[in-house]
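Notes follow the structure.
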Amino acid sequence: MVTTVTSLGRSGLHDWVLQRLSAVIMLAYVVYLGYFFATTPEITFTAWQGLFASTFMKVFSFLTLLSVVMHAWIGLWIVSTDYMPKVSIRIAFQAIVIVICLSLLVWGIQILWSL
Amino acid sequence: MPAISSILHRITGVVLFIAVPILLWMLQKSLDSAGYAELQSMFTESFLWQFILWAILTSVAYHVIAGVRHLLMDLGIGESLQGGRRGAWSVLVLSAIAAALLGVWVW
């Protein structure tokens, strides 16, 4: 189907699964960060930098950012099909979203691994 | 209520997409000591930045709470008309509590 050419999973079922998998990863990250803020007596620069220094946190953060951009790609794709009936505008919007998602991902890698 | 909670899930989703570059920029700044100090003074002195932070965190809280409800409904919990109404109310009440707690934390 031509209508799904800009969707991430190319099918509704695939998008459905990706949307939930990415949601669970982001939920775990939010809980983990919440735990850090709740249990660290004083948030200092040293504690904060130390948190992001470990390979575990870099990979977890990257996995979460990957989930964020996949989730946003799918979510905004669905929203655009509801509110943008004109095909040219919708495809242009979806293309811009995809480019932004990929850019954010690359930027995130640079931030996480430049430490 | 279910209609309101659904449209808020969409609105917070769009808001959070816009928030991602802001959060990445903050992360980048926060990982060197000069930038960290700059952020610290930003969030203690500027009401606008405090509000932006609160708005982003509250959107996260709402989107996560409504998302968990979505996952529960995928598992067949709260799918009836009655359950749907109750679920939507629970999401709004829990989010209001989260918004208040986050406000206390930020200010």
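Of all residue pairs spaced 6 or more apart or on separate chains, those with beta-carbon atoms under 9 Å, a first member in the range A:13-35 that is more than 10 Å from every other protein chain (Cβ to nearest Cβ) and a second member that is outside any helix (DSSP H, G or I) and modelled with pLDDT under 95 are A:14/A:7; A:14/A:8; A:15/A:7; A:15/A:8; A:15/A:9; A:17/A:9; A:18/A:8; A:18/A:9.
Considering only residues in the range B:1-25 that are of a type outside the set (Val, Ile, Thr) and farther than 21 Å from residue A:69 by Cβ, the one that is farthest from the other protein chains (Cβ to nearest Cβ) turns out to be B:1. Has the range B:41-55 got any residue that is among the hydroxyl-bearing types (Ser, Thr, Tyr), buried (at least 16 other Cβ atoms within 10 Å of the Cβ) and assigned to a helix (DSSP H, G or I)? Taking every residue of the range B:41-55 in turn, none turns out to be among the hydroxyl-bearing types (Ser, Thr, Tyr), buried (at least 16 other Cβ atoms within 10 Å of the Cβ) and assigned to a helix (DSSP H, G or I). The condition of being closer than 20 Å to residue B:63 by Cβ, surrounded by fewer than 16 Cβ atoms within 10 Å (Cβ to Cβ) and out of contact with any helix residue (DSSP H, G or I) (no Cβ under 6 Å at 6 or more places or on another chain) holds for only one of A:37, A:56, that being A:37.
Scanning the range B:41-78 for residues that are more than 14 Å from every other protein chain (Cβ to nearest Cβ) and touching a Gly at 6+ places or on another chain (Cβ under 8 Å) returns B:54, B:77, B:78. Only one entry of A:76, A:104, A:18, A:27 meets the criterion of being out of contact with any strand residue (DSSP E or B) (no Cβ under 7 Å at 6 or more places or on another chain), surrounded by fewer than 17 Cβ atoms within 10 Å (Cβ to Cβ) and of a type outside the set (Ser, Thr, Tyr), and that entry is A:27. Here the helices (runs of 4 or more DSSP H) wholly within the range A:39-115 that include at least 2 residues being hydroxyl-bearing (Ser, Thr, Tyr) and in contact with a Phe, Trp or Tyr (Cβ under 6 Å, 6 or more places away or on another chain) are A:55-83. Of all the criteria given as (1) surrounded by 15 or more Cβ atoms within 10 Å (Cβ to Cβ); (2) within 12 Å of chain B (Cβ to nearest Cβ); (3) touching a helix residue (DSSP H, G or I) at 6+ places or on another chain (Cβ under 7 Å), the one not satisfied by residue A:94 is (2). Checking each residue in the range B:58-107 for being surrounded by 15 or more Cβ atoms within 10 Å (Cβ to Cβ) and not in a helix (DSSP H, G or I) picks out only B:78. Does the range B:3-22 contain at least one residue that is farther than 19 Å from residue B:58 by Cα and part of a helix (DSSP H, G or I)? Yes: the range B:3-22 contains one or more residues that are farther than 19 Å from residue B:58 by Cα and part of a helix (DSSP H, G or I). In the set (1) within 9 Å of another protein chain (Cβ to nearest Cβ); (2) touching a Leu at 6+ places or on another chain (Cβ under 6 Å), residue A:74 fails one condition alone, (1).
May I ask you to say which residue of B:28, B:82 is within 11 Å of chain A (Cβ to nearest Cβ) and among the polar types (S, T, N, Q)? Of B:28, B:82, the one residue that is within 11 Å of chain A (Cβ to nearest Cβ) and among the polar types (S, T, N, Q) is B:28. Only residues that are free of Cβ contacts under 8 Å to residues at least 24 places away in the same chain, within 23 Å of residue A:32 (Cβ to Cβ) and within 16 Å of the chain's Cα centre (by Cα) were counted across the range A:63-115, and they come to 3.
The values are calculated or read from the model by the stated rules, or taken from the named source; none is laboratory data. Being a predicted model, the structure only gives us computed values, none of them experimental. Neighbour counts are summed over all protein chains in view; Cβ atoms, including those assigned to glycine, are modelled from backbone coordinates with ideal geometry.
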